[in-house]
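S.K.: My questions will all concern the structure given below.
The values are calculated or read from the model by the stated rules, or taken from the named source; none is laboratory data. Predicted model only: the values in this text are computed from it and were never measured. Neighbour counts run over all protein chains shown; Cβ positions are idealised from the backbone, glycine included.
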Amino acid sequence: MFKKQKTESFQGDQKAGSINIVGIGTEITGDLSTKGDIRIDGKITGNVNSKAKVVIGSTGEVIGNIISESAEISGSINGDVSTTELLFLKATADIKGDIIANKLVVENGANIKGHCQTGVSQTKSILKPQADGREEIIEKREATA
């Protein structure tokens, strides 16, 4: 009779519990940003930014950069991929761009055309080499508790 009602609230950078899906046959033009997981089986022309996990299915295609906590790639990406944790490339993965990941797993058969930087801790900044020899900071990371 006098029970407290539970209320859920999401604060600032807390991950949302939702899973977003871009299905087969769906095409999105523009940048996509989410705090939850996202699975892409369609085509996105634009950057994908997730505070959680990005999954690119075998029919999925991204023409743009991906920045996420972790990612599992089976489809094709024409752009750079940056993860703060694990990047898993399945046998059908095809990446044309640079990879920056803390941990990287590559199955036999995955294709990568670009530079690869691994072991990037959460307290380092991600640097991308420029044509003139300088390095540009594309993401600054700070340690989290």
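S.K.: Phe2 versus (1) at pLDDT 95 or above; (2) surrounded by fewer than 19 Cβ atoms within 10 Å (Cβ to Cβ): which is the lone unmet condition?
M.R.: If we test Phe2 against (1) at pLDDT 95 or above; (2) surrounded by fewer than 19 Cβ atoms within 10 Å (Cβ to Cβ), just (1) comes out false.
S.K.: Just name the residue that is farthest from Gly42 (Cα to Cα) out of those in region 77-94 that are over 10 Å from the mean Cα position of the chain (by Cα) and small (Gly, Ala, Ser).
M.R.: Among them, the one singled out is Ala91.
S.K.: Which one of Thr34, Thr7, Thr26 is at pLDDT below 95, out of contact with any Leu (no Cβ under 8 Å at 6 or more places or on another chain) and closer than 14 Å to Ala71 by Cβ?
M.R.: Sole residue among the options that is at pLDDT below 95, out of contact with any Leu (no Cβ under 8 Å at 6 or more places or on another chain) and closer than 14 Å to Ala71 by Cβ: Thr34.
S.K.: Report, by residue number, each residue of region 70-84 that is surrounded by fewer than 22 Cβ atoms within 10 Å (Cβ to Cβ) and more than 14 Å from Arg39 (Cα to Cα).
M.R.: Across region 70-84, the qualifying residues are Asn78, Gly79, Asp80, Thr84.
S.K.: Taking Ala143 as the residue in question, decide whether it is at pLDDT 95 or above, loosely packed, with under 14 Cβ neighbours inside 10 Å and over 21 Å from Asn20 (Cβ atoms).
M.R.: no
S.K.: Please find, among Val81, Val48, the residue that is without any contact (Cβ under 8 Å) to a residue 24 or more places away in the chain and within 17 Å of His115 (Cα to Cα).
M.R.: Within the list Val81, Val48, the selection yields Val81.
S.K.: Quick one: in region 36-48, of everything that is buried (at least 19 other Cβ atoms within 10 Å of the Cβ) and not in a loop (DSSP other than H, G, I, E, B), which residue is nearest to the chain's Cα centre (by Cα)?
M.R.: Ranking the qualifying residues of region 36-48, first place goes to Val48.
S.K.: Could I ask something else about it? With respect to Asn102, is the statement that it is over 14 Å from Val48 (Cα atoms), touching a strand residue (DSSP E or B) at 6+ places or on another chain (Cβ under 8 Å) and at pLDDT below 95 true?
M.R.: yes
S.K.: Taking Lys90, is it of a type outside the set (A, V, I, L, M, F, W, C) and modelled with pLDDT of 95 or more?
M.R.: yes
S.K.: Could you tell me whether region 101-115 includes any residue that is within 11 Å of the chain's Cα centre (by Cα) and without any contact (Cβ under 8 Å) to a residue 60 or more places away in the chain? Give the derivation first.
M.R.: From region 101-115, those within 11 Å of the chain's Cα centre (by Cα) are 101; that's our starting set.
Those left that are additionally without any contact (Cβ under 8 Å) to a residue 60 or more places away in the chain: 101.
Yes - at least one qualifying residue is present in region 101-115.
S.K.: On the basis of being at pLDDT below 95 and in a loop (DSSP other than H, G, I, E, B), does Ala131 make the cut?
M.R.: yes
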